[in-house]
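Novice: Sending over a structure as structure tokens; questions will come in a sec.
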Amino acid sequence: MKIKKQLVILLTCLSLLLIPTHPAAAETLPQDHKSTYTTSFTGTDSSLTGSSAQQQYFEVLDYWNVDQVKIKLHFQISQITEEQISSVTLTLNGSPFYTFRPSLQDNGEQLLTLVAPKGFLKKGTNTLGIQGYLKTDRQDDLFCSVDETSDNWLHLFNTSSINLIYTAKPLSGGISDFSERFAGIDTLTKNQSILTVPDKSTAAEMEAATYALSGLVKGITLNDKTIPLLPYRADTVQNKAAVVLVAMYDRVPSGLKAQLSSTEDLGTHALLQLVNKDTQPTLVVTSKDENLLIKAGRLIANPELIGQITSDLKTVTDATEVSAPALSISSNITFTETGDKLTGAHHQEQTYFISLPANRSIADSGKISLDFRYAQNLDFTRSLVTVSINNTPIGSKKLTKELANGDILNLSVPQNLNISGNFSVTVAFDLEIEGARCIIDRDQMPWAYISKDSVMQLNTKDRTDLLFNNYPYPFIRDGIYNHVAVVLPEQMDDYAYLSVSNIFNLLGKYASGNIGNIQFYTDSVSADHLKNNNIIAIGAYKNNKVIRDQNTKLYFQYNGDGTTIRSNEKMSIEEQYGARIGTLQLIDSPFEAGRALLAVTGVSSEEYYLGSKLLATERDKWKVFGDGAIVDKDGNVSAHRFKTITGAAEDSVARKIMERSDVLSFIIVILLVLTLVVLSLILLLRKHMKKRGDKRET
């Protein structure tokens, strides 16, 4: 009997061991469970030649305790490299930690794995430097320009990576800490963030949720990840590590509602409260008043304010200030606050990034004034400085010994650059050393310095053509939502919600302020409500009346019963293929001149969801241009321009003057002076006439 009992216990233990682990088991692991985040090397064509360096950037988040940094290098070197005199040195944030000589075995291809010192890490952006000294002939430890040839190369494959093994710190920083983790690169990579609303959500809930989404996406540093917006259900929040719920109080699930505090006054305030911190952290945003719920959504759209809330609870009342500062567009931009020094022979670059609203483009009459100095031991017959905008050279100047201690380069910005939104200005020095063909390799010998007096006079103008080239205009203008009306389909399934989230993931990144307006409507909305709005209509011919009524104005039109999309002058579309594609179409609003309508449509919700994905991330936006595009389930995209190309009309003189504040101020001063002169002449004339009249009377 005793043996039988022991046998039963043994079989029970074996059966427990054979039970498969549930996919959600990872969520119940203790806080000290180690995780790995991998940053792959960017690009597929990264190479070093001669004596040159390559940088790879990676992030270390504030809530990570990094245990180990593993570097995996997959590379190949030139087959004629001299092993004994060539080397590669790795640096972490400027500090060298490993040097090796690449081997010629296996045709020069190698896979090297090593551990970097974690003491060199810092919070935020880190830099892994790969410095190559690649030689194909012996020069007695001298550095020769002759050796800077294409046969001295080291190719870095994009299978190379930086692996961080870390443990996540406990969630202790309140709403601020939660919002950082919600948009963290590790959370997004694992698809563990979600923004939710109640099923069959109201217009106020959707409006508040999209404001909140606009703020949350600003923390995303990955250009291919989005935050989904879906109804709050057991299946949608399963396995999620960070959840936000935006809901009217009477629609908050009972399990979450029971954990809320200060609920008795929710008619006069909105509540943001972090609950379930130890299991599934959830930020509940709720109120009994629709306007206050929307205001709470605008608060989340202000990342600066959210980053200051270290408690688990925040109340919002009518008196709470939530507005973000208005975007300032300066006409005079300083490149550097303290000055920048460049050292080393040959080509050296310094790049400056300039931020502009996406709807703004560089106008004419812009100028760059570069104030700089450089070493006096250069070969001035071959040394020069070049300035480029977005890698397009706009001017150069030869360096001279006489001006080495203080030189200036003044350049006009060309009118034909066609640049809008953010851009870069690169200052490149070619610092050639005077003397023999070979010199000792001492990086600090030649130098150049860009002073803090270097400025760019920037004039901008609106880009108002209704083209995806100018997107997100007109829905975002100067950093705020520009009278946006979203018309939803009759039935909202998960694809419809995800289509909304795709659109606002990208729009939110461009929205720097939180004072613009977004309104949500059903497809039965009256024309009066759409008059003064730029419209985003999401849905199919059969479930969105706005799309159905405007079918004849679309570039890709439906057939009579809305079962397929027909051919047009740009494309031949087979009937069954037309039922499997999603489209994006940007047309003039039929409700008011000067406004736009973006149709995100397809025969069914899965198809228009495909279309919305093209406008979800920066990675995919470049695929769309013109004013009409289609995409199929295989990812094939066809974009076209249907509006007539009228040519680049020259701006009127009056408009150019109105956009130039400096010229406008000068003209106003001149007019005031002329007015005073004329007024003085009139007074003098009247005085003179009066004297003549008095003399006649006497």
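The values are calculated or read from the model by the stated rules, or taken from the named source; none is laboratory data. These numbers were taken from a predicted model, which means no experiment stands behind them. Here the Cβ is made from the backbone with ideal geometry for all residues, glycine too, and neighbour counts use every protein chain on show. The accessibility values were calculated without ligands, DNA or RNA, using every heavy atom of the protein model including side chains. Shrake-Rupley method; radii C 1.70, N 1.55, O 1.52, S 1.80 Å.
Novice: If the cut-off is 24 Å between C-alpha atoms, which lysines fall inside it for K314, apart from same-chain ones fewer than 8 positions away?
Specialist: Reachable lysines: K169, K218, K240, K257, K277, K288, K295.
Novice: While we're on this one: Compute the accessible area per residue over the range 403-530, keeping the other protein chains in place, probe 1.4 Å, unit Å².
Specialist: Heavy-atom accessible area per residue stands at 41 Å².
Novice: OK, next. Based on the mean of other beta carbon atoms within 10 Å per residue, what is the order of 672-683, 86-97, most packed first?
Specialist: With the highest mean Cβ count within 10 Å placed first, the list reads 86-97, 672-683.
Novice: Let me ask you something else. Please list, by residue number, every one of the trypsin sites (Lys or Arg not before Pro) in the range 158-211 that is coil in DSSP and has at most 13 other beta-carbon atoms within 10 Å.
Specialist: Answer in residue order: K200.
Novice: If the only charges are +1 at each Lys and Arg Cβ and -1 at each Asp and Glu Cβ, what is the size of the charge dipole of the range 70-131 around the Cα centre, to the nearest 20 debye?
Specialist: Dipole about the Cα centre, nearest 20: 560 debye.
Novice: Return the distance in nm (one decimal) between the two label points of a simple spin-label model at E490 and F100, each offset 7 Å from Cα along Cα→Cβ.
Specialist: 6.5
Novice: Can you grab the distance from the C-alpha centre of the range 520-584 to the C-alpha centre of the range 380-426, Å, no decimals?
Specialist: Spelled out, the Cα-based centre of one part sits 48 Å from the other.
Novice: Taking all protein chains as present, what is the carbon and sulfur share of the accessible area of the chain, in % to the nearest whole number, probe 1.4 Å?
Specialist: Percent of accessible area from carbon and sulfur atoms in the chain: 51.
Novice: So, one more: Once phi is turned into θ = phi - 60°, what whole-Hz ³J(HN,Hα) does the Karplus curve with 6.51, -1.76 and 1.60 give for every residue of the range 162-175, x standing for Gly and Pro?
Specialist: Listing the rounded values in order: 10, 10, 9, 9, 9, 10, 7, 5, x, 6, 10, x, x, 5 Hz.
Novice: Please go through the range 365-437 and write out the trypsin sites (Lys or Arg not before Pro) that DSSP classes as loop and that have at most 15 other C-beta atoms within 10 Å.
Specialist: R382, K401, R437
Novice: Find how many whole Å separate the alpha carbon centroid of the range 229-248 from the alpha carbon centroid of the range 357-373.
Specialist: The range 357-373 and the range 229-248 have Cα centres separated by 45 Å.
Novice: Also, I was wondering about something else. Counting other C-beta atoms within 10 Å, and keeping those with at most 16, which DSSP coil GluC sites (Glu not before Pro) do you find in the range 583-615?
Specialist: E592
Novice: Next up: Looking at L431, L498, A208, which one has the Cα that reaches farthest to the positive end of the dipole of the chain (charges on Cβ: Lys, Arg +1; Asp, Glu -1)?
Specialist: It is A208, whose Cα lies furthest towards the positive end.
Novice: Still on this model: Give a residue-ordered list of calculated ³J(HN,Hα) values for the range 203-211 (Karplus: 6.51 cos²θ - 1.76 cosθ + 1.60, θ = phi - 60°; whole Hz; x for Gly, Pro).
Specialist: 4, 5, 5, 5, 5, 4, 5, 6, 4
Novice: When the Karplus curve 6.51 cos²θ - 1.76 cosθ + 1.60 is applied with θ = phi - 60°, which whole-Hz ³J(HN,Hα) does each residue of the range 277-294 get, with x for Gly and Pro?
Specialist: 4, 8, 10, 9, x, 9, 9, 9, 10, 8, 5, 8, 10, 4, 5, 6, 4, 5
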